[in-house]
Structures are given as structure tokens and as C-alpha cells.
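Every read-out reported here was derived from the displayed coordinates using simple, explicitly stated rules and does not represent laboratory data. Predicted model only: the values in this text are computed from it and were never measured. Because the Cβ atoms are built from the backbone with ideal geometry, glycine has one as well, and the counts that use them run over all protein chains shown.
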Amino acid sequence: MKLIMFGPPGAGKGTQAARLEESYGLKQLSTGDMLRAAVASGSDLGKEVQAIIDAGDLVSDDIMVRMIEQRIAQDDCAKGFILDGFPRTEAQAEALDTMLGKSGSKIDAVLVMEVDEEELFNRIETRAKEAGDSARADDNAETLRKRLGVYKEQTAPVLPFYEAKGVLHKIDGMASMDDVTRQIEGALGLGGGPAPRQTAAPGM
Ligand code: AMP
């Protein structure tokens, strides 16, 4: 199964993707984590993208599409994957569609995590506090405002592309973490819901 976790910063995409990875063996692919690893390694790519990430802007489509194309070709994605933070632009969504289409594959579901803005600010503030000295440079109210603007202008317009394909599922991201997981499992037809009841004997 190939999934996309979609939603603004702080919506819970990473948390829920990690749970799906743990329960169902789908590989979580966080482009933010990949970029932060590149920055930490001091690679040329890391040097190129650090200021962009810290400012809350988007890294170029070219770099991101290449990064994902290489990553999903690896063996650990064979059972499926959950994209967390990609695609973030219409160009990325179209490139993803084309790259999957080459192997006769496609995105099965896009889970859109809906969370009020005020709550996003609370969550990012909490995340920064909990991380202490290792807090992300972009986890502060000012940069979040910028990232939300980028989300509305460049990322949310991706949704109609997937809506037209009939794969969009809206998730109430204001619910508790466990409830959000249950909503996602329900949308995907997974998880521990009650076994289907047999209502009539065959042929009746
Ligand atoms: P995240 O951890 O998903 O919040 O990503 C952190 C930052 O990495 C974003 O604010 C962007 O600067 C960059 N980034 C992550 N994924 C993408 C993407 N798909 N396209 C462009 N930039 C990205």
C-alpha cells in the first residue's frame, strides 16, 4: 500500500506515519527527516538546503523529486510506504504520479489531517519545549506562520489532484492520537475493528 500523510506542520503526520510503520510494515518516508539528516552530515546538499529549511521555505521540486525517486526504489519500500511531507507542490504530485506510473503503480490513499491553526501553534510550541536544546530551528511561532502560508499557497492546492482520483480521506486531527489512528485504519480498511458479521447463510 502506498500512502500520503497530508496536512499542515504540526498536524500529526509524522506521529501517525510512525504508528502505521510499526503496525503494518509500511516504510515511513519523511522528506523533512531526510533533509535534516543531509544538513547534519554536512553534505553539499545539506549546505544547499539548510537556510531554506530554517526560513520555512520549500526546497526545490527538482531536489525533492530526485530524493523520493531514489528512496522508493530501495528494498525496504517493497511492502509499501507512507510519504510524510511529500508531495508539497503540484509539480511534486505530478512527478510522483509519473514515477509510480512507470511501474504500473499508484497512490492508494491520501490522508488529510485537519487541525485548527491555534492548535498547530500550541503543538509546535510544545514540540520545541520538549526537544529543548535539540529543537528544530523552524519550530517557532514566526517560522510556523511562514510555513503555514507556504502550506496554504503551494501545498493545499495539491488536494484537488487527489480528490479527482477518489483517494482522499479527511481525518479529524483534533481528536486524540489513538482516535486519529483508528480513523486512519478505518479509512484504509485496516486494524482491529469488529469482525464482519455474517447476516445470512449463503444462498438465502
Ligand atoms: P517537515 O519536517 O516535513 O516539516 O519539513 C521541514 C522542512 O523541510 C520544510 O519546511 C521544507 O523546508 C523542507 N521540506 C520537506 N519536505 C519538502 C518537500 N516535499 N518539498 C520542499 N521542501 C520540503
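Peptide packing for 44-52, 70-78 was compared via the average number of neighbouring C-beta atoms within 10 Å per residue; ordered from the highest value, the list is 44-52, 70-78. Amide H to amide H, with H built 1.01 Å from N, Gln28 comes under 5 Å of Ile82, counting only residues 5 or more places away or on other chains. All alpha carbon pair distances within the chain were sorted into 10 Å bins beginning at 0; the resulting P(r) in whole percents reads 8, 33, 37, 16, 4, 2, 1. Scoring 141-148, 86-93 by mean Cβ neighbours within 10 Å over their residues and listing the highest first yields 86-93, 141-148.
A dipole drawn for the range 29-123 from +1 and -1 charges on Cβ atoms has a positive end, and of Val110, Ala55, Met67 the residue lying farthest that way is Met67. Close amide-amide hydrogen proximity is noted between Leu168 and Val110, each under 5 Å apart and 5 or more residues distant or on a separate chain (H modeled in the peptide plane; Pro and chain starts excluded).
Taking N as the residue count of the range 64-104, its C-alpha radius of gyration divided by 2.2 N^0.38 Å amounts to 1.10. Listed by chain and number, the aspartates and glutamates placed with their C-alpha closer than 16 angstrom to that of Lys129 are Glu119, Asp138, Asp139, Glu142; residues fewer than eight positions away on the same chain are left out. For the chain, the dipole from Cβ point charges (+1 on Lys and Arg, -1 on Asp and Glu) about the Cα centre works out to 580 debye, to the nearest 20.
Can you give the FRET efficiency for Asn140 and Asp97, using 1/(1 + (r/R0)^6), R0 = 45 Å, r = Cβ-Cβ distance, to the nearest 0.05? Computed FRET efficiency for Asn140 and Asp97 comes out at 0.85. For Lys152, the lysines whose Cα comes closer than 19 Å to its Cα, not counting residues fewer than 8 places off in the same chain, are Lys13, Lys170. When the Debye formula is applied to the Cα atoms of the range 92-136, each taken as the same point scatterer, what base-10 log of I(q)/I(0) results at q = 0.22, 0.28 Å⁻¹? Normalising to I(0) and taking log10 leaves -0.75, -0.96. Projected onto their three principal axes, the Cα atoms of the range 51-138 cover extents of 44, 28, 26 Å, largest first. Count Lys and Arg as plus one, Asp and Glu as minus one, and take only other residues whose Cβ is under 13 Å from that of Val39; the net charge is then -2.
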